[in-house]
Amino acid sequence: MSPEAWISIFLFGLLGGVGLLALLREFQARRIQSGPAQDRVFRCASCSAVYTDDPAVERSRCPQCGVTNEPFDF
Ligand SMILES: [Zn+2]
């Protein structure tokens with residue numbers, strides 16, 4: 001095989017690798033963006049502070065005053 005062919009194969013592979021990396025980053029960025037939106041919103045009944053917590057938890061403690069609150073629905 002000629003050196004030119006090897007160079008073109010190398011460049012093609014490099015381009016494909018960079019493209020794949022960009023695609024993976026796009027997927028990761030989307031996962032990060034959709035992450036906080038799925039968090040459950042809580043509103044403290046005592047000090048009315050709005051905060052988010054894990055969606056798996058039923059009740060969450062207020063970071064401001066420590067009162068346990070129910071999930072807040074919009
Ligand atoms: Zn509070």
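What follows draws every value from the coordinates through simple rules; no lab data is involved. Source: prediction; values computed, not measured. Don't worry about glycine lacking a Cβ; one is built from the backbone with ideal geometry, like all the others, and counts go over all protein chains shown.
A compact table of results
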{"item": "Taking the chain and dividing mean pair separation by its residue count, relative contact order in percent (alpha carbons under 8 Å, at least six apart)", "result": "22 percent"}
{"item": "Cα-centred dipole magnitude for the chain, charges only on beta-carbon of K, R (+1) and D, E (-1), debye, nearest 20", "result": "100 debye"}
{"item": "Coil-residue GluC sites (Glu not before Pro) of segment 2-68, DSSP, other Cβ within 10 Å capped at 15", "result": "E58"}
{"item": "Label point distance in nm, S8-R31, each placed 7 Å from Cα along Cα→Cβ", "result": "3.7 nm"}
{"item": "On Cα atoms only, tilt of 3-37 relative to the major axis of the chain in degrees", "result": "10 degrees"}
{"item": "Nonlocal amide H pairs with S60, under 5 Å, H built at 1.01 Å", "result": "N69"}
